[in-house]
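Reading through the structure tokens given below for one structure.
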Amino acid sequence: ARVIAQNASVMAVMRDGSVRGWGEVPAFLTGGARKYPGVATPMPITGLADVVDIAGGPNGGYALTRDGRLFAWGPNIKGQLGTGTATVEERGPAIVAGVSDVVSIATVNGAAGAVTKDGRVWSWGSNEQGGLGHGTQADVGEPGQPTPTHATTISDAVEVKAGTFGRQFIVRRRNGTLVGWGNSDWGQLGAQALGAVVLCT
């Protein structure tokens, strides 16, 4: 099972592929009513089944299914849900269109990164810390990217991981090397050129 603990909430992937949440679970996951002060007994998250991995948490995240589909929930003001449009409404789990055969998912700071079976890396959402991997960094007030697109020219990726406070993505390639992008204020990209896309061996 996979467990994500974030602030005052927890989500877990069960052996049967269902997902349960407890603690401070937002209203868009509880059927429209916020449970106060929190959900004391783990509750099933409607709309998620056959899940093998999750990233993020109850307030905004992603679930990867056994057949490579990706579901997103939470806010969408920067296009985090990958629907092709950014909206102010938060919503429960729904499929991320335009990306399939996903094998790895990560999220940080409103940006999402996914690796597909063909080795490509996709990104969408906020680019405030350069999290989309395009070599640019957006200002706080700029809109995000609501449509998943290729983050880099990499075609041999196998896994993506994200920092938490660090706000960076690291991709592992088939040859064992690492590529990173995003924030590097603390040197978390492993290169002297802070904020650059780097190759680490």
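Within 10 Å, Cβ to Cβ, of residue 68, how many net charges do the neighbouring residues add up to if Lys/Arg are +1 and Asp/Glu are -1? Could the numbers behind the result be given before it?
Details: positive: 66, 69, 117; negative: 67, 101.
Around residue 68, the surrounding residues sum to +1.
Of all alpha-carbon pairs in the range 99-145, indicate the percentage at a distance above 16 angstrom. The share of Cα pairs beyond 16 Å in the range 99-145 comes to 37 percent. Largest GNM mean-square fluctuation across 104, 126, 155, computed for the chain with C-alpha springs under 10 Å, falls on 155.
In straight Cα distance, which lysines are under 21 Å from residue 117, not counting same-chain residues fewer than 8 positions off? Partners within reach: 161.
Using per-residue counts of other Cβ atoms within 10 Å, averaged over each peptide, order 107-113, 93-99 from highest down.
Details: 107-113: 27.0, 93-99: 17.7.
Ranked from most to least packed, the peptides come out as 107-113, 93-99.
Sorting 101, 156 by solvent-accessible area of protein heavy atoms yields 101, 156, largest first, with a 1.4 Å probe. With 0.36 nm allotted per residue and the present C-alpha distance subtracted, the residue 33-residue 100 stretch has 20.9 nm of extension available. Electrostatic tally near residue 117: other residues with Cβ closer than 14 Å to its Cβ, Lys and Arg +1, Asp and Glu -1, net -1. Rounded to the nearest 0.05, the FRET efficiency derived from the C-beta distance between residue 69 and residue 6 at R0 = 22 Å is 0.45. Exposure check, 1.4 Å probe, all protein chains in place: residue 24 carries approximately 80 Å² of accessible surface.
Using only the heavy atoms of the protein chains and a 1.4 Å probe, how would 10, 88 rank by accessible area, largest first?
88, 10
Out of every Cα pair in the chain, what percent are spaced more than 29 Å from each other? Taking all Cα-Cα pairs of the chain, the fraction more than 29 Å apart is 21 percent.
If you take all other residues with their beta carbon under 15 Å from the beta carbon of residue 90, and give Lys and Arg +1 and Asp and Glu -1, the sum is +1.
P(r) for the range 28-97, from all Cα pairs and a bin width of 5 Å, is 3, 17, 27, 23, 18, 9, 2, 0 %, short bins first.
The values are calculated or read from the model by the stated rules, or taken from the named source; none is laboratory data. Quick caveat: nothing in here was measured; it's all calculated off a predicted structure. With ideal geometry, Cβ positions are generated from the backbone for all residues, glycine too; neighbour counts draw on all protein chains shown. Just the protein is used for accessible areas: all its heavy atoms, side chains included, with ligands, DNA and RNA removed. Shrake-Rupley method; radii C 1.70, N 1.55, O 1.52, S 1.80 Å.
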